[in-house]
Amino acid sequence: MLTHELVIQNEQGRIDKVLATAFPDLTRSHIQGLIKNEHILVNSQAVKTKYRVKPGDKVEVQDEEKQPIALEAEDIPLDIVYEDEDVIVVNKPQGMVVHPAPGHPNHTLVNALLYHSPLSTINGSIRPGIVHRIDKDTSGLLMVAKNDQAQQSLSAQLKAKTNTRLYIALVHGNIKENEGTIDAPIGRSPKDRKKQAVISEGRPAVTHFKVLKRYGTYTLIQCQLETGRTHQIRVHLKYIGHPVAGDPLYGPKKTLKGNGQFLHASVLGFKQPRTGEYLEFKAPLPEVFTKILKWLDTQSEHG
């Protein structure tokens, strides 16, 4: 990781222009990409491309060192729930990264999908067909675009919030309300760059939840995403004092053993890009999740 730092003095104007002048080795389009992916921080916060710099601003540019990732098709088994000429719906296993990135150059969902089918190229060569992501250790349903028209349609549906995205989460503690809404902005944590956090300058984020079952010290809930921020459900549930069980990043040290957080994308609904027909799919909980629920059932019976 290359880090460039700049303290604004007399410079004026949009941040992308200022940085392109300050660092001639970075092109304007590359800078805009870094801003979009929150690799450029002003006073420890992510900003938009149109942000205008102010005297005293501390700008940090985190640029991945150029290690070209050669995207290869890999013959990795996939759990395909649905497929037509435009869309693939895949049930991603826990532990699988969605697309290559520094540190994860291969064995990703994208490598497996490329072996299976041509994908939309709108997102560039590293994230072909990817419309939305779920975290490495979150299991469940993802929609993937096979062509550019499908990518545009599915992305527009996400933006317009017309999709259905339901998650099942097992969380610490006993949630007393039967249902609720968490409306709290999320951005990169000023204390730990690997984490997201609820911060006043963050981007709007809304998660609806309802309780499915209470186990005393744990609660099984269903979450519905209205927005899709990085780590949104995990951050929001920690924020209300009920972190996801098994979460290595946002959960307590003493938690349930699994393969990471007990969070599963269980229902996915969208309109077929070509026909406009509404399609909805469900994926059962993975075995590690059902086993822990059975164990909790026996605990509460004995308790």
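Please determine whether any residue of the range 87-98 is surrounded by fewer than 18 Cβ atoms within 10 Å (Cβ to Cβ), on the phi > 0 side of the Ramachandran plot and not small (Gly, Ala, Ser). Scanning the range 87-98, I find no residue that is surrounded by fewer than 18 Cβ atoms within 10 Å (Cβ to Cβ), on the phi > 0 side of the Ramachandran plot and not small (Gly, Ala, Ser), so the answer is no.
One residue stands out among those in the range 99-110 that are buried (at least 22 other Cβ atoms within 10 Å of the Cβ) and in contact with a Pro (Cβ under 8 Å, 6 or more places away or on another chain): the one that is nearest to Phe289 (Cα to Cα), which is Thr108. Residue-level check: of (1) modelled with pLDDT of 85 or more; (2) within 26 Å of Ser189 (Cα to Cα); (3) part of a loop (DSSP other than H, G, I, E, B), Leu26 misses just (1). One residue alone among Val244, Val198 is closer than 25 Å to Val47 by Cα and either exposed (fewer than 15 other Cβ atoms within 10 Å of the Cβ) or under 19 Å from the mean Cα position of the chain (by Cα) (or both), and that residue is Val198. Checked against (1) within 17 Å of the chain's Cα centre (by Cα); (2) of a type in the set (Val, Ile, Thr); (3) within 23 Å of Leu293 (Cα to Cα); (4) not in a strand (DSSP E or B), Ile175 meets all criteria but (1).
The values are calculated or read from the model by the stated rules, or taken from the named source; none is laboratory data. Since the structure is predicted, the reported quantities are computational estimates derived from the model, not experimental observations. No Cβ is skipped: glycine too gets one built from the backbone with ideal geometry, and neighbour counts run over all protein chains shown.
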